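Encoded as structure tokens, the structure appears first; notes follow it.
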Amino acid sequence: MTFNAPNGSRGGRQPKANSIMNWMNTRTVNRIRRNGGSLMGMSLLVLNTVGKKTGAQRANPVAWFPGDDGSWLIVASAGGSARNPAWYYNIAGNPDAVSIDVDRSTVAVTAEQLHGAERDRAWASITTASPRFLQYETKTDRLIPIIRLTRR
């Protein structure tokens, strides 16, 4: 289970965490936990991690796509930013402390970054389902990580 996606040298602007963004994320997380969720035609889950630096519990709303084996695929796109999202590093730093809230239940998961042909197949499936991810790929020079979450 290697999490080794380097940051790029160019990319889109990733929004800074501020009180408005925190408020919006909290509302979205609560809505997903209560009712399940979707946004702009994409299914959402709550990704629960432990902060790599702080050790604090973190919850992030993330779009997910079905994997071939009943798993959940998530994309560390950060909107095409040059940097991976913070939750990517939280997973890498504490891979045994990851869970998701999906379909009104909490599921302990194992996270694995996809590589090579397996990543390419998943990327093709994701971009077919949601072409907006192709825009993120053109904004950055980093290889956007895809993470498979499987029930633990």
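We did not get these values from a lab; they are worked out from the coordinates using the rules stated. For clarity, every value in this text was computed on a predicted model and none was experimentally measured. Please note: Cβ atoms are built from the backbone with ideal geometry, for glycine as well, and neighbour counts cover all protein chains shown.
Could you state the principal axis extents of the C-alpha atoms in the range 74-152, from the largest down, to the nearest angstrom?
33, 25, 25
Work out the FRET efficiency for residue 25 and residue 143 from their Cβ-Cβ distance, taking R0 = 41 Å, and round it to the nearest 0.05.
0.95
Dividing the Cα convex hull volume of the range 1-46 by residue count, how many Å³ per residue is that?
Convex hull of Cα atoms, per residue: 142 Å³.
Excluding residues fewer than 8 places away in the same chain, name every one of the lysines whose C-alpha is closer than 23 Å to that of residue 139.
Straight-distance partners of residue 139: 16.
Please compute the modelled spin-label separation between residue 150 and residue 110, points set 7 Å along Cα→Cβ, answer in nm with one decimal.
Simple spin-label model gives 0.5 nm for this pair.
Where in the range 1-98 are there trypsin sites (Lys or Arg not before Pro) that are in a DSSP coil and have at most 14 other Cβ atoms within 10 angstrom of their Cβ?
Those satisfying the criteria are 10, 13, 16, 53.
What is the mean projected area of the alpha carbon convex hull for the chain, to one decimal in square nanometres?
So the Cα hull casts an average projection of 8.6 nm².
Cα-based Rg (one decimal) and Dmax (whole number) for the range 33-105, in Å?
12.5, 34
Starting at the first residue of the range 50-60, write each ³J(HN,Hα) from the Karplus equation 6.51 cos²θ - 1.76 cosθ + 1.60 with θ = phi - 60°, in whole Hz, x for Gly and Pro.
10, x, 4, 8, 8, x, 7, 5, 10, 9, 10
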